[in-house]
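The values are calculated or read from the model by the stated rules, or taken from the named source; none is laboratory data. For clarity, every value in this text was computed on a predicted model and none was experimentally measured. Using ideal geometry, Cβ is built from the backbone for each residue, glycine included, and neighbour counts are taken over all protein chains shown.
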């Protein structure tokens, strides 16, 4: 990677502490010259959460990144992601984080979805995680990259790692749920890992001005 200039800083547009940790883990090998303390979350700078009223993951990611750029004046990275279930026509989709009615109720969201799919046989439990990762710079540049992790939905949660719907998605080709994978294993195949690896060169250019 290109050497980053001293004082380079990057803002992550999320208040979800699990996601801040995960994004830092994903970005670390992609941006090895960027110190961990130079990557700040939205909560670190007291930024309010914007209304995510987009109808696609890309739209919501851009809404969050634009809002954080306005607050910090720093290049901002955001993602929007969710679980898309084939038999539900792609739902919960952009409503994944509030499927049970309130934002961020991971356990309630997961349990409601399992109840809704209780009678659906394995052959029809196809699903995928989707992620749109966005970069917005103070100069107005906007880039969005996307990634997916296909798999099958389990009938009961398995594993204690990850967050959200990870315990019930069995990634394609895996015998373990996403929540049973190590962070490194998950990042290598995840929707978020794919999207951020594609976005990384754009982030480097934004931080170096090249």
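Overview of values
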read-out: Lone unmet requirement of (1) farther than 28 Å from residue 33 by Cα; (2) at pLDDT below 95 for residue 180; value: (2)
read-out: Search result, residues across the stretch 163-181 that are buried (at least 20 other Cβ atoms within 10 Å of the Cβ) and part of a loop (DSSP other than H, G, I, E, B); value: 164, 165, 177, 181
read-out: Among residues of the stretch 75-105, those that are more than 19 Å from residue 146 (Cα to Cα) and at pLDDT 95 or above, counted; value: 4
read-out: Options 74, 113; residue that is touching a residue at least 40 places away in the same chain (Cβ under 8 Å), outside any loop (DSSP other than H, G, I, E, B) and closer than 20 Å to residue 16 by Cβ; value: 113
read-out: Which numbered condition residue 160 fails, given (1) under 17 Å from the mean Cα position of the chain (by Cα); (2) closer than 19 Å to residue 19 by Cβ; value: (1)
read-out: Within the stretch 35-62, considering residues that are more than 14 Å from the chain's Cα centre (by Cα) and in a helix (DSSP H, G or I), the one surrounded by the most Cβ atoms within 10 Å (Cβ to Cβ); value: 42
read-out: Residues satisfying the stated conditions in the stretch 96-110, i.e. surrounded by 15 or more Cβ atoms within 10 Å (Cβ to Cβ) and either assigned to a strand (DSSP E or B) or without any contact (Cβ under 8 Å) to a residue 40 or more places away in the chain (or both); value: 98, 99, 100, 105
read-out: Matching residues in the stretch 188-199 - criterion: being crowded, with 20+ Cβ neighbours inside 10 Å and either assigned to a helix (DSSP H, G or I) or modelled with pLDDT under 95 (or both); value: 191, 192, 193, 194, 195, 196, 199
read-out: Single unsatisfied condition, residue 166 versus (1) more than 19 Å from the chain's Cα centre (by Cα); (2) within 20 Å of residue 104 (Cα to Cα); value: (1)
read-out: The listed residue being crowded, with 16+ Cβ neighbours inside 10 Å, touching a helix residue (DSSP H, G or I) at 6+ places or on another chain (Cβ under 6 Å), closer than 27 Å to residue 169 by Cβ and in contact (Cβ under 8 Å) with a residue 40 or more places away in the chain, out of 12, 27, 68; value: 12
read-out: Output for the stretch 132-157, where each listed residue is touching a strand residue (DSSP E or B) at 6+ places or on another chain (Cβ under 8 Å), within 27 Å of residue 188 (Cβ to Cβ) and in a loop (DSSP other than H, G, I, E, B); value: 154
read-out: Residues of the stretch 200-210 satisfying the condition of being out of contact with any helix residue (DSSP H, G or I) (no Cβ under 7 Å at 6 or more places or on another chain) and part of a helix (DSSP H, G or I); value: 201, 202, 203, 204, 205, 206, 207, 208
